[in-house]
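The values are calculated or read from the model by the stated rules, or taken from the named source; none is laboratory data. This one's a predicted model, so the numbers in the text were calculated from it and none came from an experiment. Because the Cβ atoms are built from the backbone with ideal geometry, glycine has one as well, and the counts that use them run over all protein chains shown.
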Amino acid sequence: MAAVAGFYSAGQFQIGSPIIGNYALESIAAAVLGGASLAGGKGSFVGTLLAALFLTLIDNVLPLFQQATEYAQMTIGVLILVALVLYQAPDLIAQARSNWSGVGRLRSRRDEVPAA
């Protein structure tokens, strides 16, 4: 699919250049927002397709509000960070709970009177 997109891009711009467009950020963002984990995991085609459509919508709508195109890139970056935090939230909560219970055990053992 990347090769087909490259041929389409070369035909549209009539030049083959690696600096045309910013497709690397958007393709990674579409995969991450679509449900794929950067550490390996399951993602779906439908989720990635919907994320790609959402990112295209961001790129096309922000200029209508007279916003600079750089804001679209910043918005995509923020969405990637939010998605990563949300995907890691269950693990982070479980780790925080295990650390908190360990702190309570240390505190209760210290308060106990040693056996004589």
Scope the range 28-55; condition free of Cβ contacts under 8 Å to residues at least 24 places away in the same chain and either among the β-branched types (Val, Ile, Thr) or in a helix (DSSP H, G or I) (or both); matching residues: 31, 45, 46, 47, 48, 49, 50, 51, 53, 54
Considering residues that are surrounded by 10 or more Cβ atoms within 10 Å (Cβ to Cβ) and either at pLDDT 80 or above or within 22 Å of the chain's Cα centre (by Cα) (or both), the number found within the range 9-49 is 23
Residue within the range 71-93 that is farther than 24 Å from residue 35 by Cβ and either out of contact with any helix residue (DSSP H, G or I) (no Cβ under 8 Å at 6 or more places or on another chain) or surrounded by 10 or more Cβ atoms within 10 Å (Cβ to Cβ) (or both) present: yes
Yes or no: residue 105 at pLDDT below 75 and either farther than 30 Å from residue 30 by Cα or part of a loop (DSSP other than H, G, I, E, B) (or both)? yes
Any residue in the range 56-63 that is polar (S, T, N, Q) and exposed (fewer than 12 other Cβ atoms within 10 Å of the Cβ)? yes
